[in-house]
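Written below as structure tokens is the structure these notes are about.
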Amino acid sequence: MTSLGVNTRVVLVSRPDGDPTPENFGLESVPAVSPGAGEVLVAVDMLSIDAFIRTTLDDRDDSLHGSAPIGSTIGALGVGTVIESGDDRFQPGDAVAGGLGAQTQATVPTAFLEKVDTSRFGPATQLGAMGLTTGLTAYVGMKFVGRVTETDTVVVSGAAGAVGTFAGQIARLLGAKRVIGIAGGPEKGRYLVDELGYDASIDYRAGSIDARLAELAPDGVDVFFDNVGGDILDSVLLQIHEGSRIVICGAISQYGDMNNVTGPRNYLKLAERHANMEGFTVLHFAGRFAEARDDIRGWLTEGSLVEHNHVERGIERFPHALDLLLTGGHRGKLLVDVSGNA
């Protein structure tokens, strides 16, 4: 663990051309900064590896999550422990979650943080099943955007990733009639069915998605929760029917070249079949977070919601973890254990 007073951080050295490489990042140690009024100094325990991080590495004025300047600390959500406080509402020893960045000690405004209870559900669960970009995103996307019912056949792309693993399970817990996951490779397909309770899986690397989806969902797709975009979105659009709901959560297939995003070629199926395509970000549903977390806690407690975490250890593994996310070299929630104690 890094000694108190020293912050080791991952910085952006150069902008990637396509998928990031190790050469795009640097690791440097600098003095930790004492907090000012309304700030806290946090020892970072664990970091969440999320697809939005890739979008911050480009020089784009229209990036939803901002554009990281060269030389700056890479943005990331995390859980940590307050060391020093400039805010009476936060005391040393408090566990907090929020935008801590890819570093070992973060000085951040308390307006960007929330207190969390890690005594029952630790940092991994706070960032995963109950995390903003993972469990909460899956929950609001399925319940409030997809509006899943017990008569629905639901399809999830990127189903073996962080959001996908929870989205499929939550669809099932909301009563969906059938849940189908799209992922890459037979091992991930078995994982979806055998461990997460998906009814069936489609390996997008093994032949035609169109044919396999028509076989598994002969009456069409009611809800499609899309994390990938591109060709997979086009394939599913061919299988929708009247009143289908297409939920656009993300499009990781497009993040490597945001200046040349490939839109859906089959979007006219929405008009032909009186279907709906709706994008969302989880922050638009802040008023529903308490409800979502209550349900997720209950499901975790009764064992009906399964967590699977892939943890890399050490802040120096952050670039590698991001590479795993973008190349599909993991299952479930990707995390970096910074403290060695999480």
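Things worth noting here:
- Checked against (1) in the same structural domain as ILE83 (by TED's automatic domain parsing); (2) in contact with a helix residue (DSSP H, G or I) (Cβ under 9 Å, 6 or more places away or on another chain); (3) modelled with pLDDT of 95 or more; (4) not in a strand (DSSP E or B), ARG317 passes all but condition (2).
- The residues listed here are ALA124, ALA106, ALA129; of these, the one that is among the small types (Gly, Ala, Ser) and either part of a helix (DSSP H, G or I) or modelled with pLDDT under 95 (or both) is ALA124.
- Within the range 33-62, tally of residues that are touching a residue at least 60 places away in the same chain (Cβ under 8 Å), within 18 Å of GLY18 (Cα to Cα) and over 15 Å from the mean Cα position of the chain (by Cα): 2
- Among the residues listed as GLU28, GLU23, GLU39, the single one being under 18 Å from ARG313 (Cα atoms) and either of a type in the set (Asp, Glu) or in contact with a Ser or Thr (Cβ under 6 Å, 6 or more places away or on another chain) (or both): GLU28
- Unmet criterion (only one of (1) closer than 17 Å to ILE53 by Cα; (2) surrounded by 19 or more Cβ atoms within 10 Å (Cβ to Cβ); (3) outside the structural domain of GLY26 (by TED's automatic domain parsing)) for HIS330: (3)
- Count of the range 73-103 residues which are in a loop (DSSP other than H, G, I, E, B) and touching a Gly at 6+ places or on another chain (Cβ under 9 Å): 8
Residue by residue, here is whether (1) part of a helix (DSSP H, G or I); (2) out of contact with any strand residue (DSSP E or B) (no Cβ under 7 Å at 6 or more places or on another chain); (3) in contact (Cβ under 8 Å) with a residue 12 or more places away in the chain holds:
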residue: ALA290; (1), (2), (3): yes, yes, no
residue: ASP294; (1), (2), (3): yes, yes, no
residue: HIS310; (1), (2), (3): no, no, yes
residue: LEU325; (1), (2), (3): yes, no, yes
residue: VAL336; (1), (2), (3): no, no, yes
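- Within the range 162-180, being within 20 Å of LEU216 (Cβ to Cβ) and either hydrophobic (A, V, I, L, M, F, W, C) or modelled with pLDDT under 95 (or both) holds for ALA167, ILE170, ALA171, LEU174, ALA176, VAL179, ILE180.
The values are calculated or read from the model by the stated rules, or taken from the named source; none is laboratory data. All values reported here derive from a predicted model rather than from experimental measurement. All Cβ positions, glycine included, derive from the backbone under ideal geometry; neighbour counts span all protein chains shown.
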